[in-house]
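Take a look at the structure below.
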Amino acid sequence: MTILETRKLSRRFGALNAVSDVSLSLEAGEVRAIIGPNGAGKTTLFNLITGKLAPTGGKVIFEGADVTGVPAHALVRRGIGRSFQITNIFPRLSVFENILVGVLAGRGKTTNLFASLLSFETEAAEAREILDRVELGAKAGLPVSALSHGERRNLELGLTLALNPRLILLDEPTAGMSVEETASTVALIRRVAQSATVLFTEHDMGIVFSIADNISVLHQGSIIAEGTPEEIKGNRTVQVAYLGEEA
Amino acid sequence: MKKLSDAAVSYGSRPIATSLVNGKTLTLAGFAAAIAYPLLDGNLYNLQLFTEIIIISLLALSLNILIGYTGLVSLGHAAFLGIGAYASTLAMQHVYPSIWAGLTASVLSAGIVALAIGVFCIRLSGLYFAMITLAFSQAFYTIAFYWDSVTGGDDGLIGIPRPDISLFGLTEISIDGFVGYYYFTLVIVALAAYLMWRILNSPFGAILKAIRENPERVEFLGLPVYRYKLAAFIISAAFGGLAGGLFAPFQGFISPELLYWTKSGETVLMTILGGIHSFLGPAVGATVLIFLRDTVLNYTEYWKIIVGSILILCVLFAPGGIVGFITARLSEIFKGASK
Amino acid sequence: MDIAFVAAQFLNGLAIAMILILIASGLTLLLGVLGILNFAHGGFYMLGAFMMFSLGQWGLGGMWFWVGLITIPLALALVAAVVEICLLRPLYHRERLYTLLLTFGLAMVFDDLALLIWGRDFKTVPVPELLSGAVSIGNYGFPLHFIFIIVVGPVVCALLWYLLYRTPFGKLIRAASTDTEMLGALGVNVNLVFTGVFALSAALAGLAGLLVAPIRSIVPGMGLEIFIESFIVVVIGGMGSLGGAIIGALLIGQIKAFGILALPNFAMIFIYLVLLAVLIVKPRGLFGEKTV
């Protein structure tokens, strides 16, 4: 089943074609990497898919419905989750509160004005479970300021997971992480991918080749190649346009 | 740029602050002291001062729903004190002479006005929100000042009653005396504060805090931030209105002065002075400021200079407020002791 | 309502607009360059009027108004520079709302300070001799002083434009409003630019205050009153846009002048209605571009 499809998706900024005629198709359960040099249009593409930017052309189809132009918060409700390139959490809430807020939002419980937070045991249990999944179970009570950079990224991923998205977009999930943190995040993404479709961008080719089922190569706003890691490794166009530059 | 709410964190050691100031024990002890007070001190002047402190504490607590919990600084909160006071007076004098009618009118009118202007104010953020709330409050001041036939204009309204309250039709209780009204105020404010506390510790309250921290991210949790802010604005105003509804019978007369911008300024100062990061901090601020005013007015009529200067000093040197300041000192002592 | 009356009323509105422009342009500069909303801004306007009152008392051989026209803005610029350096500068690295609270406190201090120095009763200042005549419009005599205000407004605007767009200091100010950090990195003394802009805004507000001194009663509350009106001008015109502020001021000036005829005590209501309409249709103001 196709979960996400973009049809000739385009976005111009003045004279610049940041994204032009991108047509992607993701199967449910797939892990897809979008790679490409800086400025290839990866973040713009993500912004278009998550509704943060309106496309200047083309369509976004999510689970069979045309969602082009649907605002960001409504897309979240439909099941598209996103983790940001810049760590984007609630800095002065505790680690646990961060996730609990997410779970409550995901379950539509946030309009309850009078019930004590403590009475939401199901949600609290789910929040603890998510914290375990992102390996922060032991730090639940700490303020966010006590977390390392890598842990904050995990917390952010947890916040995204709290909404139970069926499609998760990860923007450079390992950026700025140490080697150990990277390894644990890679393992985490693998686990996340068992229950959701993942679309991610990443600079580190080692990570890309080890977790992606399929790779789309974005170059100057257009998809220039698509295929399994093996196919991409052997693709001449890609080597010239992208890998070749780095080698 | 640092957030206003960073201040307390820079003092470190929030858990101690919360357990000390929000702690059930301390709150209950304070409540018990408040109940016992009229029995211990027969001085009616002091009793009146404490009645005022209790009412104005409610006003400061209600403002903190916006400042401390939602991250919206309103500079026109006294408008709701005034609207509540006028509404309750008019309701009691012209509609039905019951304190309950007065209080209901004060809460409803403040809430409805907040809905009407909040729809516009909430569209603006930060400095512009602060300013536009002030602009609206001054508009209400102007209305109260010139609408002679209803508000009594500059002279205000006098002869505000304190009707007896009927307890389930069984017995009538008089709240006309100083002691009676003190207890009545204490009970109503305690109930209101409890309700506020419940709201702030509900899932809704958690979202308000999340909005304070990072509104964009809340949008990405799939929630309409605008409506949550508007709800917070209305709730805050309704409690502010209730304070007004209690204040009118307390003072016995009301005038446009209640809505004047300096009154809003005092309320902001109480909130900041007490500390915006503890639920009861603003009540501490209200207590300190009212005592201070009472003392200062014995020596000079230039009260605004004092309030303004304290606000300036507070912003420059103690942005965490009194509670934050004391907490910081305490946590230093605790750290020292544990070494 | 005959034509001459409407014309006189229109000129009245124009004079009100000029005063608002002087206040609102300072407010806009502060918002654009320092990123602050200065609550005490109206305080400088009030002080300007009170200082003019004192000069009027001294007389200075009939030259009091003209001496004040020059010295009062300079004196207030000096006061403002001290305030900026001592009180505001320590707060720039903190959130802007702290600055707002500080200036809020400052506004309260200014109000009482004026009471302390000048006392409680209403003050009036005579119209300077040279401007005490009237121009006749049909059957109506239109005071010369209003004409003077209408002339001074555009002159000051032109000077301000020259300062901002034709001088090196203006270049720095405009650069600071786009990217302060960059300016700092280029070795420019950003602090000096900030102090300069703050002093300039206070001088403009003081100028407005001294200009209206002869045509209204002088009370401490006047500072806040004009501050709110000019803030509404800024919101209507588009936050951060000088041109927008000018057009907003012209609009509000006319609304005030003609609104007073309809509802003498509630002319403000018309201004609020316009404000609400703008906020519904264009939440960023008529000429606003910047995200708030």
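Hey, among C:Leu37, C:Leu88, C:Leu11, which residue is in a helix (DSSP H, G or I), within 21 Å of B:Leu127 (Cα to Cα) and of a type in the set (A, V, I, L, M, F, W, C)?
Details: C:Leu37 fails: in a helix (DSSP H, G or I); C:Leu11 fails: within 21 Å of B:Leu127 (Cα to Cα).
Result of the check over C:Leu37, C:Leu88, C:Leu11: C:Leu88.
From the list C:Ile252, C:Ile269, C:Ile226, C:Ile215, which residue is within 14 Å of chain B (Cβ to nearest Cβ), under 27 Å from C:Pro126 (Cα atoms) and open to solvent by 10 Å² or more (accessible area, probe 1.4 Å)? Step through it out loud before you land on a result.
Values: C:Ile252 fails: open to solvent by 10 Å² or more (accessible area, probe 1.4 Å); C:Ile269 fails: under 27 Å from C:Pro126 (Cα atoms); C:Ile215 fails: within 14 Å of chain B (Cβ to nearest Cβ).
None of the other options fit; the residue is C:Ile226.
Mind listing whichever residues of segment C:49-75 are within 19 Å of C:Cys157 (Cα to Cα) and open to solvent by less than 10 Å² (accessible area, probe 1.4 Å)?
Within segment C:49-75, C:Ile72 is the sole residue that qualifies.
Counting only residues that are in contact with a Phe, Trp or Tyr (Cβ under 6 Å, 6 or more places away or on another chain) and under 30 Å from C:Gly35 (Cα atoms), how many does segment B:95-120 have? Quick ask: steps written out before the conclusion?
Going through segment B:95-120, the residues in contact with a Phe, Trp or Tyr (Cβ under 6 Å, 6 or more places away or on another chain) turn out to be B:110, B:114, B:117-118.
The next check asks that each one be under 30 Å from C:Gly35 (Cα atoms); those that pass are B:114, B:117-118.
Going through segment B:95-120 one residue at a time, the tally reaches 3.
Which pairs turn up if I take residues in segment A:110-123 that are under 27 Å from B:Tyr226 (Cβ atoms) and look for partners that are in a loop (DSSP other than H, G, I, E, B) with beta carbon separation below 6 Å, at least 6 apart in sequence or on another chain?
Final answer for the pair search is A:Asn112/B:Ser202; A:Leu113/B:Ser202; A:Phe114/B:Ser202; A:Ala115/B:Ser202; A:Ser116/B:Asn201; A:Leu117/B:Asn201.
Go through segment C:181-195 and give me each residue that's surrounded by 15 or more Cβ atoms within 10 Å (Cβ to Cβ) and in contact (Cβ under 8 Å) with a residue 60 or more places away in the chain. Walk me through it before giving the result.
To start, the set of residues in segment C:181-195 that are surrounded by 15 or more Cβ atoms within 10 Å (Cβ to Cβ) comprises C:183, C:188, C:190, C:193-195.
If the condition is that a residue be surrounded by 15 or more Cβ atoms within 10 Å (Cβ to Cβ) and in contact (Cβ under 8 Å) with a residue 60 or more places away in the chain, then C:Val193, C:Phe194, C:Thr195 are the ones that fit.
Taking B:Gly308 as meeting all but one of (1) more than 13 Å from chain C (Cβ to nearest Cβ); (2) open to solvent by less than 40 Å² (accessible area, probe 1.4 Å); (3) free of Cβ contacts under 8 Å to residues at least 60 places away in the same chain; (4) not aromatic (Phe, Trp, Tyr), write down the number of the exception.
Going through the list (1) more than 13 Å from chain C (Cβ to nearest Cβ); (2) open to solvent by less than 40 Å² (accessible area, probe 1.4 Å); (3) free of Cβ contacts under 8 Å to residues at least 60 places away in the same chain; (4) not aromatic (Phe, Trp, Tyr), B:Gly308 breaks only (1).
So is B:Ala110 assigned to a helix (DSSP H, G or I) and open to solvent by 10 Å² or more (accessible area, probe 1.4 Å) or not? Can you show your working first?
Details: assigned to a helix (DSSP H, G or I): yes; open to solvent by 10 Å² or more (accessible area, probe 1.4 Å): no.
So B:Ala110 does not fit the description; no.
With C:Ser132, C:Ser177, C:Ser136 as the choices, which residue is among the small types (Gly, Ala, Ser) and surrounded by 15 or more Cβ atoms within 10 Å (Cβ to Cβ)? Don't jump to the end; show me each part of the working.
Details: C:Ser132 fails: surrounded by 15 or more Cβ atoms within 10 Å (Cβ to Cβ); C:Ser136 fails: surrounded by 15 or more Cβ atoms within 10 Å (Cβ to Cβ).
Only one candidate passes the filter, namely C:Ser177.
Could you check, for segment B:149-164, whether at least one of its residues is away from chain C (no Cβ under 11 Å), assigned to a loop (DSSP other than H, G, I, E, B), open to solvent by 40 Å² or more (accessible area, probe 1.4 Å) and without any contact (Cβ under 8 Å) to a residue 40 or more places away in the chain?
Step one: filter segment B:149-164 for residues away from chain C (no Cβ under 11 Å), giving B:149-152, B:154-164.
Then keep just the ones that are assigned to a loop (DSSP other than H, G, I, E, B); that gives B:152, B:156, B:158-164.
After this cut, where a residue has to be open to solvent by 40 Å² or more (accessible area, probe 1.4 Å) as well, the list is B:158-159, B:161, B:164.
If we keep only those that are without any contact (Cβ under 8 Å) to a residue 40 or more places away in the chain too, we end up with B:164.
Looking through segment B:149-164, at least one residue is away from chain C (no Cβ under 11 Å), assigned to a loop (DSSP other than H, G, I, E, B), open to solvent by 40 Å² or more (accessible area, probe 1.4 Å) and without any contact (Cβ under 8 Å) to a residue 40 or more places away in the chain.
Return only the number of the condition from (1) at negative phi; (2) surrounded by fewer than 16 Cβ atoms within 10 Å (Cβ to Cβ); (3) touching a residue at least 24 places away in the same chain (Cβ under 8 Å) that B:Ile173 does not satisfy.
In the conditions (1) at negative phi; (2) surrounded by fewer than 16 Cβ atoms within 10 Å (Cβ to Cβ); (3) touching a residue at least 24 places away in the same chain (Cβ under 8 Å), B:Ile173 misses (3) alone.
State all residues of segment C:272-286 that are within 11 Å of chain B (Cβ to nearest Cβ) and open to solvent by less than 40 Å² (accessible area, probe 1.4 Å); if no residue qualifies, say none. I'd like the intermediate steps shown before the answer.
Applying the first criterion (within 11 Å of chain B (Cβ to nearest Cβ)) to segment C:272-286 yields C:272-273, C:275-280, C:282-285.
C:Tyr272, C:Leu275, C:Leu276, C:Val278, C:Leu279, C:Gly285 - these are the residues of segment C:272-286 that are within 11 Å of chain B (Cβ to nearest Cβ) and open to solvent by less than 40 Å² (accessible area, probe 1.4 Å).
Would you be able to tell me the number of residues in segment B:316-339 that are modelled with pLDDT under 85, assigned to a helix (DSSP H, G or I) and within 13 Å of chain C (Cβ to nearest Cβ)? Spell out the reasoning first.
Keep residues of segment B:316-339 that are modelled with pLDDT under 85, which gives B:317-339.
Still in the list and also assigned to a helix (DSSP H, G or I): B:317, B:321-338.
From the residues that got through so far, the ones that are within 13 Å of chain C (Cβ to nearest Cβ) too are B:317, B:321.
Number of matching residues: 2.
For segment B:123-137, which positions are in a loop (DSSP other than H, G, I, E, B) and open to solvent by 10 Å² or more (accessible area, probe 1.4 Å)? Walk me through how you get there before you give the answer.
Let us first name the residues in segment B:123-137 that are in a loop (DSSP other than H, G, I, E, B), namely B:123-125.
Correct list: B:Arg123, B:Ser125.
If the Cβ limit is 9 Å and pairs must be 6+ apart or interchain, which residue in segment A:21-39 that is farther than 14 Å from A:Ala196 by Cα pairs with which residue that is open to solvent by less than 20 Å² (accessible area, probe 1.4 Å) and among the basic types (Lys, Arg)?
A:Leu24/A:Arg32; A:Ile34/A:Lys42; A:Ile35/A:Lys42; A:Gly36/A:Lys42
Would you pick out the residues in segment A:43-75 that are open to solvent by 10 Å² or more (accessible area, probe 1.4 Å), closer than 16 Å to A:Leu26 by Cα and not aliphatic (A, V, I, L, M)? Step through it out loud before you land on a result.
Step one: filter segment A:43-75 for residues open to solvent by 10 Å² or more (accessible area, probe 1.4 Å), giving A:43-44, A:47, A:51-59, A:61, A:63-66, A:68-74.
Cutting the leftovers down to closer than 16 Å to A:Leu26 by Cα gives us A:59, A:61, A:63-66.
A:Lys59, A:Glu63, A:Gly64, A:Asp66 - these are the residues of segment A:43-75 that are open to solvent by 10 Å² or more (accessible area, probe 1.4 Å), closer than 16 Å to A:Leu26 by Cα and not aliphatic (A, V, I, L, M).
Taking segment B:79-100 as the region of interest, how many residues are open to solvent by 30 Å² or more (accessible area, probe 1.4 Å) and assigned to a helix (DSSP H, G or I)?
We begin by selecting, within segment B:79-100, every residue open to solvent by 30 Å² or more (accessible area, probe 1.4 Å); these are B:90, B:93-97, B:100.
If we keep only those that are assigned to a helix (DSSP H, G or I) as well, we get B:90, B:93-95, B:100.
Going through segment B:79-100 one residue at a time, the tally reaches 5.
Give the number of residues within segment B:176-207 that are within 14 Å of chain A (Cβ to nearest Cβ) and part of a helix (DSSP H, G or I). Break it down into steps so the answer makes sense when it comes.
Filtering segment B:176-207 down to residues within 14 Å of chain A (Cβ to nearest Cβ) leaves B:191-192, B:194-207.
Then keep just the ones that are part of a helix (DSSP H, G or I); that gives B:191-192, B:194-200, B:203-207.
The total comes to 14.
Could you run through segment C:107-128 and say how many residues are basic (Lys, Arg) and within 10 Å of another protein chain (Cβ to nearest Cβ)?
To start, the set of residues in segment C:107-128 that are basic (Lys, Arg) comprises C:120, C:123.
With within 10 Å of another protein chain (Cβ to nearest Cβ) added as a condition, the list becomes C:120.
Matching residues across segment C:107-128 total 1.
Based on what the data block shows, is C:Leu87 within 14 Å of chain B (Cβ to nearest Cβ), surrounded by 19 or more Cβ atoms within 10 Å (Cβ to Cβ) and on the phi < 0 side of the Ramachandran plot? Give the derivation first.
Working: within 14 Å of chain B (Cβ to nearest Cβ): yes; surrounded by 19 or more Cβ atoms within 10 Å (Cβ to Cβ): no; on the phi < 0 side of the Ramachandran plot: yes.
No.
State the number of residues belonging to segment A:124-156 that are within 13 Å of chain B (Cβ to nearest Cβ) and in contact with a Gly (Cβ under 9 Å, 6 or more places away or on another chain). Working first, answer last.
Taking segment A:124-156 and keeping what is within 13 Å of chain B (Cβ to nearest Cβ), we get A:124, A:127, A:141-146, A:152, A:155-156.
Checking the rest, the ones that are also in contact with a Gly (Cβ under 9 Å, 6 or more places away or on another chain) come to A:127.
Of the residues in segment A:124-156, 1 are within 13 Å of chain B (Cβ to nearest Cβ) and in contact with a Gly (Cβ under 9 Å, 6 or more places away or on another chain).
Does segment A:163-189 hold any residues that are in contact (Cβ under 8 Å) with a residue 12 or more places away in the chain and of a type in the set (A, V, I, L, M, F, W, C), and which are they?
Passing the criteria: A:Leu163, A:Leu167, A:Ile168, A:Leu169, A:Leu170, A:Ala175, A:Met177, A:Val186, A:Leu188, A:Ile189.
The values are calculated or read from the model by the stated rules, or taken from the named source; none is laboratory data. Computed from a predicted model, the values in this text were never measured in an experiment. Positions of Cβ are generated from backbone atoms using ideal geometry, with glycine treated the same way; all protein chains shown enter the neighbour counts. Side chains are part of the model used for accessible areas, which takes the heavy atoms of the whole protein and leaves out ligands, DNA and RNA. Shrake-Rupley method; radii C 1.70, N 1.55, O 1.52, S 1.80 Å.
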